[in-house]
Amino acid sequence: MAAENSKQFWKRSAKLPGSIQPVYGAQHPPLDPHLTKNFIKERSKVNAVPLKNKKASSFHEFARNTSDAWDIGDDEEEDFSSPSFQTLNSKVALATAAQVLENHSKLRVKPERSQSTTSDVPASYKVIKSSSDAQLSRNSSDTCLRNALHKQQSLPLRPIIPLVARISDQNASGAPPMTVREKTRLEKFRQLLSSHNTDLDELRKCSWPGVPREVRPVTWRLLSGYLPANTERRKLTLQRKREEYFGFIEQYYDSRNEEHHQDTYRQIHIDIPRTNPLIPLFQQPLVQEIFERILFIWAIRHPASGYVQGINDLVTPFFVVFLSEYVEKTSGLFTFCFTEEDVENFDVTNLSQDVLRSIEADSFWCMSKLLDGIQDNYTFAQPGIQKKVKALEELVSRIDEQVHNHFRRYEVEYLQFAFRWMNNLLMRELPLRCTIRLWDTYQSEPEGFSHFHLYVCAAFLIKWRKEILDEEDFQGLLMLLQNLPTIHWGNEEIGLLLAEAYRLKYMFADAPNHYRR
């Protein structure tokens with residue numbers, strides 16, 4: 001009888017883990033609330049059965065109430081032919097059909113405008129919306145034109161997350177592409193980078209508000225300490241470091257099947273396909289092989305920490321940035337034009353072996369430089385993350401006592417949501433394009449990935465204070481904090497977040513009683 005009750009409880013609970021609903025997990029990009037809000041609302045109406053009178057208000061009570069949520073076999077006994085499912089399916093089908101007809105009628109009303117817009121663009125260029133915008137307005141006929149690889153990666157109720165932001169986000173200021181100001185900034189970067197000895201302090205100052213995409217690859221190599229400031233030494237340094245990396249490959253990579261390295265390689269092999277699973281670029285076998293080599297070589301060269309889940313995410317920004325300079329050259333586009341196919345669906349087999357080796361080696365060394373500054377995040381028991389989460393808790397208690405007390409009231413521990421923020425540097429909370437923009441500043445800021453990241457996390461948390469205070473139970477708070485709606489964020493939102501983080505750092509970092517009242 002108890003078993004039946006627990007199964008029935010699981011089936012009628014629309015918002016608990018284990019329910020059939022799109023829930024943002026550790027391996028997925030941010031969920032788009034616009035696409036799922038109506039679906040979840042309709043589902044809850046159909047299956048509306050009163051739960052217990054008292055909401056789960058603590059972690060322990062929440063755990064007791066959901067202890068049966070993952071019972072094996074329950075889903076197999078679900079009756080999908082029941083009236084509730086038929087009602088839900090018909091409503092979803094009607095809503096979808098209405099949307100398709102509406103989009104189709106809009107296209108038919110304005111054919112002349114579409115033709116004139118298209119005719120203004122040169123035949124050799126193709127300017128399209130960002131992936132997230134296009135996904136919302138694409139009608140059913142567009143589906144037939146998708147790339148086969150792209151089609152394999154599409155998931156229900158999951159928008160495709162663009163690597164590159166909207167056209168208005170292509171430049172660091174968020175202004176339309178190549179304004180006078182942006183041309184001036186780009187020229188200043190080029191002068192700095194071409195000088196005999198690049199002034200790294202000035203380069204950091206210019207990079208803090210964002211690096212123009214055209215010069216981002218070489219700028220990141222310099223800011224990470226991978227390239228020397230002297231231009232005459234750069235070519236030889238790149239050649240030497242790339243040869244050194246592939247020397248490691250020849251020396252160590254065959255040992256991945258040996259007994260003492262099997263567990264490390266197995267975990268890397270499992271995690272790689274989970275890295276940005278909605279972006280076809282990262283599902284290409286050749287790209288996954290590159291990531292496996294990078295992570296395995298790093299792990300065996302750093303035995304104090306070895307490989308830890310989450311490090312796989314830290315390769316992707318470097319890989320995308322260093323790939324982008326070759327994507328433009330291969331596609332023959334000017335710098336103002338990036339299309340969805342250029343980046344998300346770019347087939348790396350179109351690149352020569354030498355180019356791929358250069359991208360792989362540069363990604364390895366720049367990731368290694370980053371991890372050198374935060375390696376205590378990944379050593380045994382991850383003490384660096386424990387300290388940062390505690391520091392975040394104490395900082396929030398000073399800057400927004402109401403939010404802090406709200407967490408305490410409903411027994412929400414900072415470790416339950418902020419651990420991932422520190423472990424993955426907010427990469428699973430933000431679209432990849434936003435992470436790249438964020439790292440422009442992190443590499444310009446002293447101890448950006450360790451010290452400054454703390455203030456970015458605090459600013460990020462307070463950004464959602466209204467939504468946090470509106471939630472009045474443990475479950476709702478955790479669902480919100482693990483599913484923050486950032487999918488449409490661009491450079492403007494990241495710029496505001498960084499400005500607030502800098503303000504917090506200026507106010508608290510040098511205060512004598514930084515974390516104490």
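Which members of the stretch 275-299 meet the condition of being among the polar types (S, T, N, Q) and either open to solvent by 20 Å² or more (accessible area, probe 1.4 Å) or touching a Gly at 6+ places or on another chain (Cβ under 9 Å) (or both)? Can you show your working first?
Within the stretch 275-299, the first condition is being among the polar types (S, T, N, Q), and the residues that meet it are 275-276, 283-284, 288.
Across the stretch 275-299, the qualifying residues are Asn276, Gln283, Gln288.
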statement: Among the residues of the stretch 408-451, the number that are part of a helix (DSSP H, G or I) and either of a type in the set (S, T, N, Q) or not assigned by the TED database to the domain that holds Gln482 (or both) is 5
message: Could you go through the stretch 438-456 and let me know if any residue there is within 23 Å of Gln309 (Cβ to Cβ) and of a type in the set (D, E, K, R).
response: no
Per-region count, the stretch 378-396, residues free of Cβ contacts under 8 Å to residues at least 60 places away in the same chain, of a type outside the set (Asp, Glu) and either within 20 Å of Gly448 (Cβ to Cβ) or assigned to a helix (DSSP H, G or I) (or both): 6
- line: Residue count, the stretch 452-463, condition crowded, with 17+ Cβ neighbours inside 10 Å and either outside any helix (DSSP H, G or I) or out of contact with any Asp or Glu (no Cβ under 6 Å at 6 or more places or on another chain) (or both), comes to 8
- prompt: On the given criteria, is Pro228 part of a loop (DSSP other than H, G, I, E, B), open to solvent by 30 Å² or more (accessible area, probe 1.4 Å), touching a Lys or Arg at 6+ places or on another chain (Cβ under 9 Å) and farther than 26 Å from Gly310 by Cα?
  reply: no
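Let's see how each residue does on (1) modelled with pLDDT of 95 or more; (2) out of contact with any helix residue (DSSP H, G or I) (no Cβ under 6 Å at 6 or more places or on another chain); (3) under 23 Å from Met479 (Cβ atoms); (4) surrounded by 15 or more Cβ atoms within 10 Å (Cβ to Cβ):
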position: Lys369; (1), (2), (3), (4): yes, yes, no, yes
position: Tyr378; (1), (2), (3), (4): no, yes, no, yes
position: Gln382; (1), (2), (3), (4): no, yes, no, yes
position: Asn405; (1), (2), (3), (4): yes, yes, yes, no
position: Arg408; (1), (2), (3), (4): yes, yes, yes, no
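In this structure, is Phe248 more than 17 Å from Leu323 (Cβ to Cβ), modelled with pLDDT of 95 or more and either among the aromatic types (Phe, Trp, Tyr) or in the same structural domain as Thr435 (by the TED database) (or both)? Steps first, please.
Working: more than 17 Å from Leu323 (Cβ to Cβ): yes; modelled with pLDDT of 95 or more: yes; either among the aromatic types (Phe, Trp, Tyr) or in the same structural domain as Thr435 (by the TED database) (or both): yes.
Taking the combined requirement at face value, the residue satisfies it.
From His302, His269, His260, which residue is surrounded by 12 or more Cβ atoms within 10 Å (Cβ to Cβ), out of contact with any helix residue (DSSP H, G or I) (no Cβ under 6 Å at 6 or more places or on another chain) and within 22 Å of Phe380 (Cβ to Cβ)? Explain how you work it out, then say what you get.
Numbers: His269 fails: within 22 Å of Phe380 (Cβ to Cβ); His260 fails: surrounded by 12 or more Cβ atoms within 10 Å (Cβ to Cβ).
None of the other options fit; the residue is His302.
Table: residues versus (1) modelled with pLDDT of 50 or more; (2) among the polar types (S, T, N, Q); (3) closer than 18 Å to Leu438 by Cβ.
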{"site": "Gln153", "(1), (2), (3)": "no, yes, no"}
{"site": "Glu182", "(1), (2), (3)": "yes, no, no"}
{"site": "Leu193", "(1), (2), (3)": "yes, no, no"}
{"site": "Val211", "(1), (2), (3)": "yes, no, yes"}
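Residues are listed down the side, and each one gets a yes or a no for (1) open to solvent by 30 Å² or more (accessible area, probe 1.4 Å); (2) in contact with a Gly (Cβ under 6 Å, 6 or more places away or on another chain):
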residue	(1), (2)
Arg420	yes, no
Pro431	no, no
Ile436	no, no
Thr441	no, no
Glu471	yes, no
Leu481	no, no
Glu492	yes, yes
Arg503	yes, no
query: Just one of the numbered conditions (1) open to solvent by less than 10 Å² (accessible area, probe 1.4 Å); (2) within 21 Å of the chain's Cα centre (by Cα) is not true of Leu222; which one?
result: (2)
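What about Gln251, is it part of a helix (DSSP H, G or I), polar (S, T, N, Q) and farther than 24 Å from Pro383 by Cα?
Working: part of a helix (DSSP H, G or I): yes; polar (S, T, N, Q): yes; farther than 24 Å from Pro383 by Cα: yes.
The answer is yes for Gln251.
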- prompt: Does the stretch 181-208 hold any residues that are open to solvent by 20 Å² or more (accessible area, probe 1.4 Å) and in a loop (DSSP other than H, G, I, E, B), and which are they?
  reply: Ser195, His196, Asp199, Trp208
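The values are calculated or read from the model by the stated rules, or taken from the named source; none is laboratory data. Since the structure is predicted, the reported quantities are computational estimates derived from the model, not experimental observations. Cβ: placed from backbone, ideal geometry, glycine included. Neighbour counts: every protein chain shown. Surface accessibility is based on the protein's heavy atoms, side chains included, excluding ligands, DNA and RNA. Shrake-Rupley method; radii C 1.70, N 1.55, O 1.52, S 1.80 Å.
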